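Down below is the structure, laid out as structure tokens.
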Amino acid sequence: MSNYHLQNFADYLESYKKSIDSPEEFWADIATNHFIWQKKWDQVLNWDFKKPEINWFIGAKLNITENCIDRHLAENGKKTAILFEPNDPSESSQSITYEELAIRVNQVAKVLRAKGIEKGDRVCIYLPMIPELAISVLACARIGAIHSVVFAGFSAMALASRINDSSCKMVITSDGSFRGTKIVDLKGIVDEALTHTPSVQSVLVVKRTGSEIGWVAKRDFWLHTLIETASASCLPAIMDAEDPLFILYTSGSTGQPKGMVHTTAGYMVYTAYTFKNVFQYQGNDIFWCTADIGWITGHSYGVYGPLLNGATTVMFEGIPSHPDYSRFWQIIDKHKVTQFYTAPTAIRALAKEDLSYVLPYHLKSLKVLGTVGEPINDEAWYWYNDHIGKGNCPIVDTWWQTETGGILISPLPGITETIPTYATLPLPGVQPVLMNEQGEEIKEIQADGRLCLKFPWPSIARTIWGNHERYRETYFSTFNNLYFTGDGALRDQNGNYRITGRVDDIIIVSGHNLGTAPIEDAVNEHPLVAESAIVGFPHAVKGFALYGFITLKDENANQEALFNEINQFITNQIGAIAKLDKMQFTSGLPKTRSGKIMRRILLKIACNELDSLGDITTLLNPEVVEEIIQNRLT
Ligand code: PRX
């Protein structure tokens, strides 16, 4: 049996057992046989969840881009690595072969070096879904610079705070981006952000939209001009296994977003292995992950996982509704996509539209469908299964997180059972446990609890950039000696897991993690707002949407105008993804006698669960609850 490729249920069981009984041997075997190492490790694993400290493949030397690119050149140089599908269907798609990718990555790597970027420097990438985004990511990795990709839907302020948090020396952006019928002025957003970012010395600009843009001499450079004279070969920097590969920001329940740090070797081994198995990737497959590279899914299964396996990965610039709701299905037929990986929110949005958008497409090339990012409801699961998979494609409901680097719980298509709404079984190397609120492990098989992991897997994030104590506090302090995911889960009698959702103050809106505290801060910035509390309520397409309870300094203010103004504040501070769907203006917020806002009660009201409000008589201001219920928005 090959440890790397699980081909049947017996393989899965055997690998799983080995990964638990002898994890070091298990991962060393996979790492040895499928990657190029400049030097092998001295020790496979050293870990301590209490400190916390986790190191994999200690002492090994490598460069991940040799494994993503150079390794494939001899046999597969002419194979398409990236298949780019533009926003506008009348513009031709582009196939970038592994040979071309090597040249383009090396050229950008040379440009980065020429602009003073050295190993360990942070480079912020703020680009639309165009090939230069993947190329920039790989170019950073080539020279050992740490990439920090910021999703190009974030506002100038959100971008600036991420740049400052990790003191990025450079920003790579474009003159603009095409999204449906809109052109977004990305360079303008960068210019605004950079008025607050002293660490940035240079900006590389990719030409995409041809829009007129502002220009700062000696700071801004067109990438295509610099590339003209850049050499097509660039020796890879030799990295330690535990050197940071990238930082990716994710929302926290409170405070600033957390810059999750992923390191080189463990991330490489785990994303390659899970890509191969969860999607059962075969040599001629065309893999499409719709996630933007600004999110972890795009990093691990849009770029690194596929390229590490020498696969063809589709990169789509546009949105599913442009020019109409058939765009995804049209692209699948056009490129004969074999594995399609998307988010439940996209499925729900498309399922809501007329079936006539789907019916003209054969979708015969598809073998495996995937979902990620939030729980998938029954209805969406069956729609996906029946109308897209035509009942022939297993759906892999993959559970994981920015922090986990790769998929931890998922069916293996054709190998393990799929169950609607269940992520099902842990992958080899993954040891989930369910904990009760008293901090004890629930030993019964059938259970409902807080999902934790009791052993490290190779791609676990190693720290939060600049704040190791926050990393410890967030993930390792709730339960003794365990990594706490922040999710609740059910386990059935066969050991299958169903993720029930966040148990903290993070709300997943359209697949995007949002912390309530920073949104409340943005709302409170409005001069007429006295106080606010934000909760999530179930939404047919977004999964959850945001409901704000807001008290005003002037109760006679124009509430309709405020709705737009407050949402504009949120858009400016964070981005449009964090806008509120509902705002209820109220004379007060329910508080404990010590003055703490009772979000739990507001959550019940927003979710219309009035029977389970609990005892409100001990509140400081119980009368306000009655008022809020009376005026609640349904
Ligand atoms: O609550 C879980 C949910 O998304 C959270 C992680 O979000 P993020 O770091 O943005 O990464 C998303 C992409 C990996 C998790 O804590 N989540 C992710 N996948 C699933 C899920 N919830 C249910 N089912 C899933 N398959």
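Computed from the coordinates by the stated procedures, all read-outs in this text should not be read as laboratory data. Keep in mind the model is a prediction, meaning the values are calculated, not measured. Virtual Cβ from ideal backbone geometry, glycine too; neighbours counted across all protein chains shown.
Size of the chain: Rg and Dmax of its alpha carbons, in Å, are 24.2, 74. Once the chain from residue 444 to residue 631 is taken as fully extended at 0.36 nm per residue, the excess over their C-alpha distance is 63.0 nm.
Near residue 97, the amide H atoms lying under 5 Å from its own belong to 81; only residues 5 or more places off or on other chains count, and H is placed 1.01 Å from N.
Per-residue extension of 0.36 nm, minus the Cα-Cα distance of residue 217 and residue 493, leaves a gain of 92.9 nm for this segment.
Here segment 507-630 is treated as a Stokes sphere of Kirkwood radius computed over C-alpha pairs; at 37 °C and 0.692 mPa s its diffusion coefficient rounds to 222 µm²/s. As a calculated quantity, the FRET efficiency between residue 322 and residue 593 at R0 = 60 Å, using C-beta atoms, amounts to about 0.70. Using a cut-off of 20 Å between Cα atoms, the listed pairs 582/604; 182/582; 352/390 include 182/582 as exceeding that distance. At an R0 of 41 angstrom, the distance between the Cβ atoms of residue 48 and residue 556 translates into a FRET efficiency of 0.10. Using the Cβ-Cβ distance between residue 600 and residue 99 with R0 = 41 Å, the FRET efficiency computed as 1/(1 + (r/R0)^6) comes to roughly 0.10. Its Cα centre serving as origin, the chain has a Cβ charge dipole (Lys and Arg +1, Asp and Glu -1) of approximately 1240 debye. Binning at 5 Å from 0, report for segment 3-100 what percent of all alpha-carbon pair distances ends up in each bin. Over segment 3-100, the share of Cα pairs per 5 Å bin runs 3, 11, 13, 14, 14, 14, 13, 8, 7, 3, 1, 0 percent.
The modelled label-to-label distance for the pair residue 199/residue 24, using points 7 Å beyond Cα in the direction of Cβ, is 3.5 nm. When 468, 147, 387 are sorted by how many other C-beta atoms sit within 10 angstrom of their C-beta, beginning with the fewest, the order is 468, 387, 147.
Note on 347, 96: ascending count of other Cβ atoms within 10 Å places them as 96, 347, the fewest first.
With the simple spin-label model, which puts each label point 7 Å out from Cα in the Cβ direction, the residue 609 to residue 540 separation comes to 2.2 nm.
The stretch between residue 167 and residue 417, if pulled fully straight at 0.36 nm per residue, gains 85.4 nm over its current Cα-Cα span. When peptides 311-322, 7-18 are sorted by average Cβ neighbour count within 10 Å, with the highest value leading, the order is 311-322, 7-18.
Can you bin segment 463-531 into rounded, prolate or oblate? Criterion: square roots of the alpha carbon gyration tensor eigenvalues sorted a ≥ b ≥ c, rounded for a/c under 1.5, prolate for a/b above b/c, oblate for the rest. Oblate, since a/c reaches 1.5 and b/c is not below a/b.
Rounded to whole numbers, the Karplus 3J(HN,Hα) couplings from phi for segment 184-189 are 9, 7, 4, 5, x, 5 Hz, using 6.51 cos²θ - 1.76 cosθ + 1.60 with θ = phi - 60°, and x at Gly and Pro.
Only one residue of 416, 546, 519 has its Cα farthest out toward the positive end of the dipole of the chain, where Lys and Arg carry +1 and Asp and Glu -1 on Cβ, and that residue is 416.
Note on 129, 260: ascending count of other Cβ atoms within 10 Å places them as 260, 129, the fewest first.
3J(HN,Hα) along segment 193-200, derived from phi through the Karplus expression 6.51 cos²θ - 1.76 cosθ + 1.60 where θ = phi - 60°, amounts to 4, 6, 6, 10, 10, x, 6, 7 Hz, with x in place of Gly and Pro.
Think of segment 29-76 as a dipole: +1 on every Lys or Arg Cβ, -1 on every Asp or Glu Cβ, centred on the Cα centre; then among 76, 37, 60, 60 lies furthest on the positive end. Per-residue Karplus couplings for segment 127-138, computed as 6.51 cos²θ - 1.76 cosθ + 1.60 with θ equal to phi - 60°, are listed in order as 9, x, 7, 10, x, 4, 5, 5, 5, 5, 4, 5 Hz, Gly and Pro entered as x. Just so you know, the averaged projected area of the alpha carbon convex hull for segment 151-305 sits at 12.2 nm². Farthest toward the positive end of the dipole of segment 98-237, out of 143, 230, 177, is the Cα of 143, where the dipole comes from beta carbon charges about the Cα centre.
Summing Cβ point charges (Lys, Arg +1; Asp, Glu -1) relative to the Cα centre of segment 98-237 gives a dipole of roughly 200 debye. Under a model in which nothing but the beta-carbon of Lys, Arg (+1) and Asp, Glu (-1) is charged, segment 374-418 shows a dipole of about 200 debye around its Cα centre.
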